[in-house]
Amino acid sequence: MSTNPSLADIRRDFERVSPEIVRKSNQYAASILADVAGRRGTLDGRITPLSPKLKMAGPAFTIEVRPGDNLMIHAAMSMAKPGDILVVDGKGDRTCALMGAIMINACKKLGLGGVILDAAVRDIDEIRELGFPVYSVGTNPNGPTKFVPGRINWPISCGGITVNPGDLVVGDADGVVVIEREKAESLLDLAAKKVSDERARIADIVAGRNLRPKWLEASLVAAGVLKPAETL
């Protein structure tokens, strides 16, 4: 094991997205944040919420495990701070569950903000009753092993997206978006404007106004579907 703390498999210290940015971001849908982030940062749709009505927002606490082993998740739970969201690179494995009711009960008691598993989970009826946000690629009643090393608070890949420790994580019924810690604050005003614009657009639709998007014909021309000056 390296004596340099920055090279150790377990990193204890990292900069988290601020609680104020987390609080402000939590008022926005994951879709709004993904749009203003350039339509990027969303985890693959295979990772879905066990309880779609629950929402979460917080800093990423990243964990890399070998398929089917949850040793490092147990270690991470003892290190994470209240509000942290455990983001686990489980390699998309569905042959067993990496977490179940016992561990999720502990996560809730520790005050964590949620759990994202690029892997399977079990005991979903019990977990749903807890009212604690958990996302996974599916379920499997089989349990994991607990002896293969991994890494904590290194950059990981989860749902096809790079996640760094401390990044902003927001999840709702649609899925999860991850925003780089350094970029999160700059998106808040853009998110507020997009919400305002979308509400105005929906109000127009409900009132029967402007049912055709104003940009539609120009986009069709740009795509070569219509000729210049041609209309639908």
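Quick rundown of the values:
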{"quantity": "Unmet requirement for Ala101, which otherwise passes all of (1) open to solvent by less than 30 Å² (accessible area, probe 1.4 Å); (2) among the small types (Gly, Ala, Ser); (3) out of contact with any helix residue (DSSP H, G or I) (no Cβ under 7 Å at 6 or more places or on another chain)", "calculated": "(3)"}
{"quantity": "Extreme residue, most open to solvent (accessible area, probe 1.4 Å), among residues of segment 119-145 that are under 30 Å from Ile21 (Cβ atoms) and not in a strand (DSSP E or B)", "calculated": "Arg128"}
{"quantity": "Candidate set: segment 156-170, residues that are in contact with a helix residue (DSSP H, G or I) (Cβ under 6 Å, 6 or more places away or on another chain) and either hydrophobic (A, V, I, L, M, F, W, C) or buried (at least 22 other Cβ atoms within 10 Å of the Cβ) (or both); chosen: the one farthest from Arg23 (Cα to Cα)", "calculated": "Asp167"}
{"quantity": "Scan of segment 1-17 for residues that are surrounded by 15 or more Cβ atoms within 10 Å (Cβ to Cβ), farther than 16 Å from Ala57 by Cα, of a type outside the set (Asp, Glu) and in contact (Cβ under 8 Å) with a residue 60 or more places away in the chain, ordered by number", "calculated": "Ile10, Arg11, Phe14"}
{"quantity": "Subset of segment 179-216 (residues that are open to solvent by 40 Å² or more (accessible area, probe 1.4 Å), under 30 Å from Leu112 (Cβ atoms), in a helix (DSSP H, G or I) and not hydroxyl-bearing (Ser, Thr, Tyr))", "calculated": "Arg181, Glu182, Lys183, Glu185, Asp189, Leu190, Ala192, Lys194"}
{"quantity": "Asp84 charged (D, E, K, R), within 20 Å of Thr139 (Cβ to Cβ) and open to solvent by less than 30 Å² (accessible area, probe 1.4 Å)", "calculated": "no"}
{"quantity": "Any hit, segment 18-29, residues being open to solvent by 40 Å² or more (accessible area, probe 1.4 Å), among the acidic types (Asp, Glu), farther than 18 Å from Val134 by Cβ and touching an Asp or Glu at 6+ places or on another chain (Cβ under 8 Å)", "calculated": "no"}
{"quantity": "Sole residue being at negative phi, open to solvent by 10 Å² or more (accessible area, probe 1.4 Å) and not in a helix (DSSP H, G or I), chosen from Val176, Val148", "calculated": "Val148"}
{"quantity": "Yes/no for Asn153 being surrounded by 15 or more Cβ atoms within 10 Å (Cβ to Cβ), of a type outside the set (A, V, I, L, M) and more than 25 Å from Ser31 (Cβ to Cβ)", "calculated": "yes"}
{"quantity": "Residue check, Gly58 in a loop (DSSP other than H, G, I, E, B) and either among the small types (Gly, Ala, Ser) or over 16 Å from Val22 (Cα atoms) (or both)", "calculated": "no"}
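Residues checked against (1) more than 14 Å from the chain's Cα centre (by Cα); (2) closer than 18 Å to Leu168 by Cα; (3) part of a loop (DSSP other than H, G, I, E, B); (4) not acidic (Asp, Glu):
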site	(1), (2), (3), (4)
Ile21	yes, yes, no, yes
Gln27	yes, yes, yes, yes
Ile32	no, yes, no, yes
Ile73	yes, no, no, yes
Gly92	yes, no, no, yes
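The values are calculated or read from the model by the stated rules, or taken from the named source; none is laboratory data. Please read these numbers as outputs of a predicted model, since none were measured by experiment. Counting neighbours? That spans all protein chains shown, and the Cβs are built from the backbone with ideal geometry, glycine included. Keep in mind that these areas ignore ligands, DNA and RNA; they rest on the heavy atoms of the full protein, side chains included. Shrake-Rupley method; radii C 1.70, N 1.55, O 1.52, S 1.80 Å.
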